[in-house]
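Down below is the structure, laid out as structure tokens.
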Amino acid sequence: MAAEHPNLSGFWEPRDGSIQNRTTPSFTAAGEAELKKPNKLNDPNGVDPVNIYCLPLGQPWDLYQSAPLDIVQDARETTVVYENHSVPWHIYTDGRPHPDRAHLKTTVNGHSIGAWEGDEFVVDSVGFSSHPGHGAVTVIPNNQTTHVIERFKLSPDGQELHGHFIIEDAQWLTKPDQFDVVWYRNPPSEYAVPNVCDARNEANAHY
């Protein structure tokens, strides 16, 4: 990564109070109707099927949950791994655009491209698949209209990573949903701990 850009690599964890300045999203009529439907995301015990069936968590939901993030940054891409059952989030920084719609394959993390605006790393994501589990807009599933913009910036001492989220979805929202998240750098002694989820384990369906 060019020397003029901060390096975001490291282990980062959210803590109590990390989600900040979040207000109630402004829903369209379709969004309000979707919220009133029986919660398809939960089983009768209220457990998310993502946990029951060991499905991969997707961004932006997984970015501000309890497990830490492992960020690796170089000149070609920035890769983020949520240290729970998930798939890597690849953010391409080699100047490529998003694929045209005819060739865009939807995924749980979407297709993401990143660029630097001064000392802020700006990530633009489209191409989200509709997938069980929490979407970008509360419990409403993502879809092809979901568009997420994230702006990341290191604190002056390099010990905090500040993120500003902008979620646009013409199907569900009348205006963008915006909020902030703060992650804290873990000490150098921290390392990746593999998380193995076995869908055959009935304990996954209980708190």
**Asked** Averaged per residue, what accessible surface does the stretch 83-207 expose to a 1.4 Å probe, in Å²?
**Response** 53 Å²
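Roughly how big is the chain's charge dipole about its Cα centre, with Cβ charges of +1 (Lys, Arg) and -1 (Asp, Glu), in debye to the nearest 20? Walk me through the numbers on the way to the answer.
Values: 14 positive and 28 negative charges, 124 e Å.
Using Cβ point charges on Lys, Arg, Asp and Glu, the chain gives about 600 debye.
For the chain, what does the helix formula give at 222 nm: sum of -39500 (n - 2.57) over DSSP H segments with n ≥ 4, over the residue count, nearest 500 deg cm²/dmol? Could you put the intermediate results ahead of the total?
Values: 2 runs with 12 residues, N = 207.
Per the formula, -1500 deg cm²/dmol.
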**Request:** Mind checking the full-extension length gain between Asn201 and Ile166? Use 0.36 nm per residue of separation minus the Cα-Cα distance, one decimal, nm.
**Result:** 8.9 nm
**GNM result for the chain, Cα springs below 10 Å: residue of Leu161, Leu57, Leu69 fluctuating most strongly** = Leu161
**Request:** Match the structure shown to one of the listed values (1) 17.2, 52; (2) 22.0, 91; (3) 17.7, 60 of Rg and Dmax of the Cα atoms in Å, computed from it, and give that label.
**Result:** (1)
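Multiplying the sequence separation of Glu13 and Glu120 by 0.36 nm and subtracting their Cα-Cα distance, what value in nm do you get? Don't skip to the answer; put the middle values down first.
Numbers: separation 107, 0.36 × 107 = 38.52 nm, distance 1.92 nm.
Stretched fully, the Glu13-Glu120 segment lengthens by 36.6 nm.
Please report, in cubic angstrom per residue, the volume enclosed by the convex hull of the alpha-carbon atoms of the stretch 18-125. Working shown, then result.
On the way: hull volume 18.6 nm³, N = 108.
Per residue, the Cα convex hull of the stretch 18-125 comes to 172 Å³.
Counting Lys and Arg as +1 and Asp and Glu as -1, what is the net charge of the other residues whose Cβ lies under 15 Å from the Cβ of Phe128?
Numbers: positive: Arg101, Lys105; negative: Asp62, Asp124, Glu150, Glu168, Asp169, Asp177.
Result for the neighbourhood of Phe128: -4.
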**Prompt:** At Ala192 and Lys37, where each label point lies 7 Å from the Cα along Cα→Cβ, what is the point-to-point distance in nanometres?
**Reply:** 3.6 nm
**Fill in**
Between Asp94 and Gln178, the two model label points (7 Å from Cα along the beta-carbon direction) sit apart by a distance in nm of 3.4 nm
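Select from the stretch 111-207 those trypsin sites (Lys or Arg not before Pro) which occupy a DSSP coil region and have at most 12 other Cβ atoms within 10 Å, ordered by residue number.
Numbers: sites: Arg151, Lys153, Arg185, Arg200; in loops: Arg200.
Filter output for the stretch 111-207: Arg200.
Can you pull the percent of the chain's accessible area that's carbon plus sulfur, 1.4 Å probe, other chains left in place? Please list the in-between numbers first.
On the way: 5920 of 10980 Å².
For the chain, the apolar C and S fraction of the accessible surface comes to 54 percent.
Can you tell me how much longer the chain between Ala30 and Val47 gets when fully stretched, taken as 0.36 nm per residue apart minus their C-alpha distance, in nm with one decimal?
Numbers: separation 17, 0.36 × 17 = 6.12 nm, distance 2.50 nm.
That works out to 3.6 nm of additional length.
The values are calculated or read from the model by the stated rules, or taken from the named source; none is laboratory data. Just so we're clear, the structure is a prediction, and the values are computed from it rather than from any experiment. Ideal geometry is used to build each Cβ from the backbone, glycine not excepted, and the neighbour counts take in all protein chains shown. Side chains are part of the model used for accessible areas, which takes the heavy atoms of the whole protein and leaves out ligands, DNA and RNA. Shrake-Rupley method; radii C 1.70, N 1.55, O 1.52, S 1.80 Å.
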